[in-house]
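For reference, the structure discussed in these notes is given below.
The values are calculated or read from the model by the stated rules, or taken from the named source; none is laboratory data. These numbers come from a predicted model, not from an experiment. Cβ atoms come from the backbone with ideal geometry, glycine included; neighbour counts cover every protein chain shown. SASA here: full protein model, heavy atoms, side chains in, ligands and nucleic acids out. Shrake-Rupley method; radii C 1.70, N 1.55, O 1.52, S 1.80 Å.
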Number of protein chains: 2
Amino acid sequence: MINVSFMPANIIVKAEAGENLIEVARRGNVFIDAPCNGNLSCGKCKVKLLEGKVQTKNSHHIDDQERKAGYILACNSQVIEDIKVETFSSEESNLNGMKIEDLSGPRDKAIFERAKAQILDNDMKFYSYVEKDYLEIDEPTLDDNISDWDRIKRHIRNHLGYTKVFCRLPMLNKIPHLLRQGGFKVTITHIPRGEDKTTIVNMEMGDTTDRLYGVALDIGTTSVAACLVDLHEGKLIAKASAGNAQMKYGADVIHRIIYAGKRDGLERLNRAIVHETINPILNKMYQDANINKNEVAAFVAAGNTTMAHLLLGVSPDYLRLEPYIPAFSKAPFIKASELQLEANPETFLYILPSVASYVGGDITAGVLSSGIWTSEENVLFIDLGTNGEIVFGNKDYMVTCACSAGPAFEGGEISCGMRAASGAIDTIEINSDTLKPKLSIINDEKPKGICGSGIIDLIAEMLKTGIVDRRGKINKNIDNPRIRLDEYDIGEYVLAFKEEWNTEEDITITEIDIDNFIKAKGAVYSGVASLLHSLGMDFDVIDKVYIAGGIGNSLSIEKSIEIGLFPDIERAKFIYVGNSSLMGCYLTLMSEDARRKMEAFSKEMTYIELSNYPSYMDEFVSACFLPHTDIQRFPTIQKLLEKDSHKGCIIHGH
Amino acid sequence: MINVSFMPANIIVKAEAGENLIEVARRGNVFIDAPCNGNLSCGKCKVKLLEGKVQTKNSHHIDDQERKAGYILACNSQVIEDIKVETFSSEESNLNGMKIEDLSGPRDKAIFERAKAQILDNDMKFYSYVEKDYLEIDEPTLDDNISDWDRIKRHIRNHLGYTKVFCRLPMLNKIPHLLRQGGFKVTITHIPRGEDKTTIVNMEMGDTTDRLYGVALDIGTTSVAACLVDLHEGKLIAKASAGNAQMKYGADVIHRIIYAGKRDGLERLNRAIVHETINPILNKMYQDANINKNEVAAFVAAGNTTMAHLLLGVSPDYLRLEPYIPAFSKAPFIKASELQLEANPETFLYILPSVASYVGGDITAGVLSSGIWTSEENVLFIDLGTNGEIVFGNKDYMVTCACSAGPAFEGGEISCGMRAASGAIDTIEINSDTLKPKLSIINDEKPKGICGSGIIDLIAEMLKTGIVDRRGKINKNIDNPRIRLDEYDIGEYVLAFKEEWNTEEDITITEIDIDNFIKAKGAVYSGVASLLHSLGMDFDVIDKVYIAGGIGNSLSIEKSIEIGLFPDIERAKFIYVGNSSLMGCYLTLMSEDARRKMEAFSKEMTYIELSNYPSYMDEFVSACFLPHTDIQRFPTIQKLLEKDSHKGCIIHGH
């Protein structure tokens, strides 16, 4: 056996000779970022060899200087003897960047109010699937000596009207002592089904009807967000988010599905989402709000189909293989204790149903909260998450597709990419003379990387200033210290020199990054085009465009159109709706009426499988250009580029 | 810390100074029989001190010779230093005397056939609450790409007609791989509710509809019996029984309830019944029948109310305290995995409902199998178990009571008592001249003790031969080596000298034993009398008497009447129905119709609380005599005793 020491965590993991270094780290729960899951494509698993040797190969992600200093890619290295390595996962990634968010901002408030209006404007009521009732039960006597459970059922029948009352063993176990400690005055938490049935999930002494809480949870491939709701008052108490700890097993769903098929893979992915991501978020929220987990009796979650499978520990294998079949689209209610979720163990988790293998419950949630299902106008809904899903329609019909955009919008597979968290560069302007960028950074910290909205800005600015051509290639003729080539002749633009910001490394964007991003934006644009085409429609039918997803609050619609991510239509039609999946979970939690509506329309949505759609590949290839091969599709951008080209920038035609 | 070594098991348990030796043994899972649970009354926890000293008190259960040899009562001893003790639990008690029973005997067959006739004679059908169905499901294609779970539900809806199909998480987890391994040809095990709903609890590849098994389980305070049923063929496969491993925590329900209130007590009692009693029986049956536990999908159990509480780990505390309230009378269906029962983890356990705190599901089961609920005639049903419950009635009404008889009928609280297992003396005749007994022993082994039917025989014979008087006192004037006094002047009769049988100790019955047994039989007789009295009836209304319980197959009705256990009515009216609780579970398992009938009549039975019944105490005191204070109530016995008395025996009047 070989000893592998990981610094600075100082964790020693035993390994077999020939074992992959990233696998050794995973076994030891040492975090090494690996969004491409060992594909050699991202270069983020860089570690430094402090002692000993490994078997490794060269990679363009490691330059000569780094190689000499002992840097290797963990995914590309096999252990052959005892070694000591240094890992560079930031503190932020170790804690998944968990944060409790401020809800007092006007933008957040507006998004919540807008979502709630979907309920009120459609004559639906606010009442959760979980209720609390205070019972003052007659105490037993020798003449009235029915069992505790029969006594509770009798009281509920007489006072609440439910003729069939259920409970499960852990609840039954609590009854005898609790009834007597509470002097037969207790509050039950129960889940009614229909008029006559209900299931008791909790019992507390005294009148605690004013303490009933629920959690709404959006499980993204990259980020997880949650909000804690006071169901008694109908008030939002806390909102929190964190990175999905499954990131270490791959950045996108395909890599995760592959990992799930390995030995213990499914179990590890399930552990990562439940124990390393969701539960820490929940505990932090409960602590901040000073509530006990047993008071949390309602739980609504949404995620893409793969995330839903991994949450439940159900194999997602067949999602990846033709004919792409999920194990379930609508999961049964799941007991919190079965998943070891931090909530009342007897309560049930509701997971929003998915529409298809690659259009999950997060999209169902987004449709609910953004209100397409009730709109007279034609709405285009685009979720710029790790995958990229699109819905088009109105109250009469909805079509949907997924466009395999990958994780680029959330900073994945971009060398200096990161999600829209503290330290992310989120807006950029480039001075056309000096080519020096003006950055704004989330929380005004030192820059750590670029988030989705920043990359859109950056590419749009690089295009306008002629740093890149319409193919996304860097103009190597420009003589500016910010533009440089690596030893493999790959061009890059330096957004932030380490000397400028006193950071450890330069923050750059490479031609490979730009190429990845162009493919992602091309996938979305061609998805929208194909979806409309399948209906015999064109962009001019669109009345409104809702943009959702973790791309960041600073998303510039104008610049998104400039790079050809969105169609070139009237800017006023675009509305950024934020995390519409979380909002949909929130509404589902708050309103049984909304939940029923959502279940109904989710069954009616028509799924278009793009990989089968005849013209999709051509559309995609044409869209992998800035903004598009056919510039006439982007008339306002055509004018802009022509104007800029007069200032001396080079525009390459097709 | 003190080291306590238990031999011959060679188990060392750490103990605190001053800790009770029996508690130390329990912590180390060393079996020491303690039916009186440390009350100093039974003397069965005798152990031998091999090394070291303990703090102990004298007891009449240890004679001088034994004391010198190092014998002590474990319940009466506190550890003060390192010791080594020898325990004498026989191999039988270590294994709870588990045995697979022979079902081929005519008596067993007759009992099963008689029970089954209750179903057929009343136009009810045989079908269990669990069913199996073989499905050949359409394989998914790109055009038919609904999820696995939706596909299963669609197939079931189209082919079996259930519109609402449920499953739980562990089942969902199995679906994707299992469907594909089985080529979409699978067998489901499911539990229908009503016409339109069903819950899938298991799925297997291929057609396994011919392998569906169920277990019926009678959980007695002293003994546990089970049978394994082939639900496909409707055939009984195996029957097994064992002692209830809770015995070490007390022989009767009151001692168990008290123990349950101690720290970890409830958990230990639950462990003892599930892991040390039921699961070993089940595994043995499965092994013998060559079936896998996952094929066992139906599970029906009955026990007295306390046993039902302890099985589920629900506190029975309030059963013991006025107003004597159980936590439940009808338990919800419980998942096998929640109890860690050896069966398919997703299947549900059904527990027969109890009527009152001291009339449990075992009596409901007995009423079902013996057929009182359908009888035109007046039936008296007596369960001679650890407690002693009585039902009287016919198809129009039933009244019931419990009579606190204690464990004497199953050999409990009798110094040489044991349950009706191998080595038990079950019938006895005493030669009136030599006073030498003629014994018959179960399985013709060396005698180990006396079971209930043996004790009845013995007391009846001792009465007839004048060894005891009608108060149950031994005639100390008789000069015979079998009649002797201990140092405290307590008389005993030697049933088997160790020299006669080459056993370790003499088998005797003491005046204390006889006194205990008289109280037990008096409780039953006075219970019957009070129950009839409460209806304004007398013994002459009884058309039939069904005797159930673990008293043993060899029960002599004649001798039971001679000692005043049963009323002195026509002998032909008595029928021994064996373990009617197990039979009732068997019928409940086999027939949903029967289960529904049983649930209906269990709610209609009227419970009489004897402790409140005005004349009960007087009745009881009068009945604590052989056969009764008022000999005229037993006219045939009066004649018999008068005849015997002419032969020279002494009859004491009141």
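Quick notes on this one:
- Strands (runs of 3 or more DSSP E) lying entirely in segment B:162-249 (those with 3 or more residues that are within 14 Å of another protein chain (Cβ to nearest Cβ) and of a type in the set (Val, Ile, Thr)): B:197-205
- A count restricted to segment B:363-383 and to residues that are closer than 18 Å to B:Phe539 by Cβ and touching a helix residue (DSSP H, G or I) at 6+ places or on another chain (Cβ under 7 Å) stands at 5.
- Criterion: among the basic types (Lys, Arg) and more than 24 Å from B:Leu349 (Cα to Cα) - qualifying residue of B:Lys174, B:Lys164, B:Lys185: B:Lys185
- Residue match in segment A:221-230 (condition: surrounded by 18 or more Cβ atoms within 10 Å (Cβ to Cβ) and more than 27 Å from A:Asp288 (Cα to Cα)): no
- Scanning segment A:485-509 for residues that are open to solvent by less than 20 Å² (accessible area, probe 1.4 Å) and over 13 Å from A:Lys446 (Cα atoms) yields a count of 5.
- Residue check: B:Thr374 meets all listed conditions (1) at pLDDT below 95; (2) within 22 Å of the chain's Cα centre (by Cα) but one, namely (2).
- Failed item, numbered, when A:Gly393 is tested on (1) within 14 Å of chain B (Cβ to nearest Cβ); (2) over 21 Å from the mean Cα position of the chain (by Cα): (1)
- The set of residues in segment A:55-77 that are more than 22 Å from A:Asp513 (Cα to Cα) and in contact with a Leu (Cβ under 6 Å, 6 or more places away or on another chain) comprises A:Gly70, A:Ser77.
- Test: residue in segment A:133-148 that is touching a residue at least 60 places away in the same chain (Cβ under 8 Å) and more than 10 Å from chain B (Cβ to nearest Cβ): yes
- All positions within segment A:236-267 that are of a type in the set (Lys, Arg) and either assigned by TED's automatic domain parsing to the domain that holds A:Gly38 or closer than 19 Å to A:Ile281 by Cβ (or both): A:Lys239, A:Lys248
- Among the residues making up segment A:244-260, those that are of a type outside the set (A, V, I, L, M, F, W, C) and open to solvent by 10 Å² or more (accessible area, probe 1.4 Å) are A:Lys248, A:Asp252, A:His255.
- Selection count, segment B:579-614, where residues are surrounded by fewer than 23 Cβ atoms within 10 Å (Cβ to Cβ) and part of a strand (DSSP E or B): 2
- In segment A:157-180, the residues that are touching an Asp or Glu at 6+ places or on another chain (Cβ under 8 Å), surrounded by 18 or more Cβ atoms within 10 Å (Cβ to Cβ) and of a type in the set (Val, Ile, Thr): A:Ile175
- Of the numbered criteria (1) within 14 Å of another protein chain (Cβ to nearest Cβ); (2) surrounded by fewer than 18 Cβ atoms within 10 Å (Cβ to Cβ); (3) touching a strand residue (DSSP E or B) at 6+ places or on another chain (Cβ under 9 Å), the one A:Glu267 fails is (3).
- Exactly one residue among A:Tyr576, A:Tyr546 is hydroxyl-bearing (Ser, Thr, Tyr), within 25 Å of A:Cys451 (Cβ to Cβ), open to solvent by 30 Å² or more (accessible area, probe 1.4 Å) and in a strand (DSSP E or B), and that residue is A:Tyr576.
- Selection within segment A:615-633: residues that are touching an Asp or Glu at 6+ places or on another chain (Cβ under 8 Å) and surrounded by fewer than 21 Cβ atoms within 10 Å (Cβ to Cβ). The member of this set that is farthest from A:Gly527 (Cα to Cα) is A:Arg633.
- Against the conditions (1) surrounded by 20 or more Cβ atoms within 10 Å (Cβ to Cβ); (2) assigned to a helix (DSSP H, G or I); (3) modelled with pLDDT under 95, B:Ser560 satisfies every one except (3).
- Condition check for A:Asn553 on (1) in contact (Cβ under 8 Å) with a residue 40 or more places away in the chain; (2) more than 26 Å from the chain's Cα centre (by Cα); (3) farther than 19 Å from A:Ile569 by Cα; (4) open to solvent by 40 Å² or more (accessible area, probe 1.4 Å): one failure, at (2).
- One residue stands out in segment B:495-528 among those that are in a helix (DSSP H, G or I) and among the β-branched types (Val, Ile, Thr): the one that is modelled with the lowest pLDDT, namely B:Ile512.
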